[in-house]
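Contents: one structure, followed by commentary.
The values are calculated or read from the model by the stated rules, or taken from the named source; none is laboratory data. Nothing here was measured: the structure is a model prediction, and the numbers come from that model. Ligands, DNA and RNA are stripped out before the accessible areas are found, and what is left, the full protein with its side chains, is counted by its heavy atoms. Shrake-Rupley method; radii C 1.70, N 1.55, O 1.52, S 1.80 Å.
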Amino acid sequence: MSTTTRTTGGAIGASLDRIDGPRKVTGTAPYAYEHRVDNPLYLFPLRSEIVRGQVTGIDASAAEALPGVVVVVTHENAPQLADTGDRELAILQSGEVAFRNQYVGAVLAETFEAARHAAGLVEVSYAEEPHEAELREDGDLYTPEQLNAGFPTDTEEGDVEEAFSSAAVTLDGRYTTPMEHNNPMEPHTTVAVWKAGDLTLYESTQGAHPVQRTVAKIFGIDRNRARVVAPYVGGGFGSKGLPHANTILAALAAQMVEGRPVKFAVTRQQMFTGVGYRTPTIQKIRLGADSEGRLTAVTHDVIEQTSKIKEFAEQTAAVTRSMYATDNRRTTHRLAALDVPVPSWMRAPGEAPGMFALESAMDEMAEKCGLDPIEFRIRNEPEIDAETGLPYSSRNLVACLREGAERFGWRDRTPAPRSHQEGRWLVGNGVASATYPVFRLPGSRATIRYEGDDKYAVEFGAADVGTGAWTALTQISADAIGVGVDNIELRIGDTAFPFASVAGGSSGITAWGSAIFEAARVFRERHGDNPSEGDEVQARTPNNPETENYAMHAFGAFFVEARVDVDTCEVRVPRMTGVFAAGKIINAKTARSQFMGGMTMGLSMALHEESLVDGRFGHVINQDFAEYHIPTNADIGEMDISWIDEDDPYVNPMGSKGIGEIGIVGSAAAVANAVYNATGIRVRDLPITPDKLIQ
Ligand code: MOS
């Protein structure tokens, strides 16, 4: 913000090693399951064997007779929840089954093995009802009132039909992306303990306070009687951005054994139900351009799914509303409500699948217009953000495209498809743009306390999900207070500290860093530069008035070399270049890892990931890492990652934009565009598996 003094302590921007690194590599950083608790019980869930219907009977006698089994929890004996409004979370409140593998009970036992064995002995009978578990274009569709994050469902400007009829060049493309499942290394985990009406959760989450608020409401207890502890988290990618039924199941079961901790880590297979997933999409894009290659019309119509028990409406076409200049534009979203688990956030929810379609279409259209795909994008660079009518606080997409072209060696590319072969390999290069909004969530509060001896404590509940937030927030604190990083004692990941918003939407550093700067400003105002031990202030993330004057987005560009085996159609990606314009980079080392992680996930989206649903039985059949492919080291070649110096005085006091998600937005399209250039085959349906390339 322009009103905030920007200190130049030099900690921000340093390539600091992770301060949590030694704790992690020595195994002393406790993840959720590893917190020491006395006398725990182990939970193994019972999951529905039908897609839709009712549980009509449960015979737990064989399970209960097993040594070590303490209780079999079902809807017949489970405690009542205070709030059942959220049907994803209101589990075991009736015998109703809304999707395959939904929790219908749980076994608590003295050991994990006993719990798991006993779960297999519980006989559940059902009355089955007909179901629909597969997204179909010709199925029943409806128009949601609004999309996630408050985006409008449909937008229209200008006269698209008129513009298409007079366009010199047009393109009609249909693109699909599959269901995908978040698979952080650490599965979703809860250790739940009730003591005298107080609930403590050691939780693997992207937001300790959001979980606290949700469980307090559901269990009908005062917020300050629920504590959530999450100092270290082994990844989330959005699936831990909101609490799911596994957390409620652990807490509900723990209520039945008051005083004894209940441990529940979902298995890898169970990660494929109930902790969220990326909705499959069917997207139609139409582009019209004049004879110079200037876009005159753009439409983007999306079909995606939600669950009958809870609406999740992803903002897939939102990127198309502001990415390129055109006077005539339409975007729409339609949902199919199915008997399926509730979709949820997965790294760049909406932007990632939406930009696959848009950036594939842009590549196709560039060719139709006879233009280099970089030149085509530059020609359609907008002056202002069409969605809001505001100028950009900074927009350096063109600089990223130019810089990336240079680094990658774009000018050596053979533009004609299938025109470059080296031995068995067809070789091709592709490019695509990236964008991600600068989200700023309200409400975070930071405490700064002088603890004597030149040490300042900085406290709030933020979660580091593996991103490097521990380190980046220490750097921000040091510069905000005007001391060195060694003078900062950061304490995060616990609702015992002040409220912090979720580590989601790449918003963490903007929201929390702004609160730190505000607290530091107030601290100096009250206590000056020579505070006394115990001096303390707390401040909230201030509103940023500049959000009314500027549209704020990060941008980037990807360049990919793809090699496709001429006979087997195996695709390899030996090198990938990513150039980003994301404001001030707080920590070059951890930032590089974020960009690399996003690009790896984009390559994974392009070539590997696909959750296959068997419509008859309603579940994901490839529910493990043997059959649900994610890339390993052998799949990833050289990653050239860089960023341009971008000075954005409007976004926040650090001048930074979020970087957690932009790496995946558009990178899948860059791979698809490279595969097209290599083979002459345009694959519009992800993932690009060899069967789609065999002619
Ligand atoms: Mo991220 S998918 O916004 O947690």
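Which value results when the Cα radius of gyration for region 151-214 is divided by 2.2 N^0.38 Å?
2.28
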For the chain, share of DSSP beta bridges that run antiparallel, in % to the nearest 5: 75
Sorted by accessible surface (1.4 Å probe, heavy atoms of the protein chains only), largest first, 621, 492, 644 come out as 621, 644, 492
Can you send over the solvent-accessible area of residue 203, 1.4 Å probe, protein chains only, in Å² to the nearest 10? 10
Give the carbon-plus-sulfur fraction of the accessible surface of region 1-149 in %, rounded to a whole number; probe 1.4 Å, heavy atoms of protein chains only. 46
Could you pull the accessible area for residue 454 with a 1.4 Å probe, rounded to 10 Å²? 90
Over all Cα pairs of region 115-258, the Kirkwood radius sets Rh, and Rg/Rh then becomes 1.14
Please list 195, 284, 657, 455 from largest to smallest accessible area, probe radius 1.4 Å, with all protein chains kept in place. 195, 284, 455, 657
Relative to the compact globular guide of 2.2 N^0.38 Å, what is the alpha carbon radius of gyration of the chain, as a ratio? 0.97
Could you derive backbone 3J(HN,Hα) for region 332-345 from the dihedral phi with the Karplus parameters 6.51, -1.76 and 1.60 (θ = phi - 60°), listing whole Hz in sequence and x where the residue is Gly or Pro? 9, 9, 10, 10, 9, 8, 10, 8, 9, x, 6, x, 8, 6
Return, for the Cα atoms of region 580-662, the radius of gyration and Dmax in Å, separated by a comma. 17.6, 55
How many percent of the accessible area of region 550-624 is carbon or sulfur, using a 1.4 Å probe? 51
For region 508-549, convex hull of alpha carbons as volume per residue, Å³: 80
Aspartates and glutamates near residue 195 by alpha-carbon distance under 16 Å, same-chain residues fewer than 8 away left out - which ones? 38, 222, 258
Step through the residues of region 175-185 one at a time and calculate ³J(HN,Hα) from phi using the Karplus curve (6.51 cos²θ - 1.76 cosθ + 1.60, θ = phi - 60°), rounding each to whole Hz and writing x for Gly and Pro. 10, 10, 10, x, 4, 9, 10, 4, 9, x, 4
Probe 1.4 Å, all protein chains in place: accessible area of residue 601 in Å², nearest 10? 30
Report for region 259-376 the percent antiparallel among DSSP-assigned beta bridges with both residues inside it, nearest 5. 50
Taking only the alpha-carbon positions of region 554-695 and ignoring solvent, what does the Debye formula give for the base-10 log of I(q)/I(0) at q = 0.12, 0.19 Å⁻¹? -0.56, -1.06
So what J values fall out for region 23-31 if you push phi through Karplus, 6.51 cos²θ - 1.76 cosθ + 1.60 with θ = phi - 60°, rounded to Hz, Gly and Pro as x? 5, 6, 6, 8, x, 9, 8, x, 7
Using a 1.4 angstrom probe with every protein chain in place, what is the largest-first accessible-area order of 604, 94? 94, 604
What residues qualify as long-range amide H neighbours of residue 279, i.e. H under 5 Å apart, gap of 5 or more or another chain, H built at 1.01 Å from N? 344
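State in Å² the accessible area per residue of the chain; use a 1.4 Å probe, count heavy atoms of protein chains only, and round to the nearest integer.
Values: 25680 Å² over 695 residues.
Computed with neighbouring chains in place, this is 37 Å² per residue.
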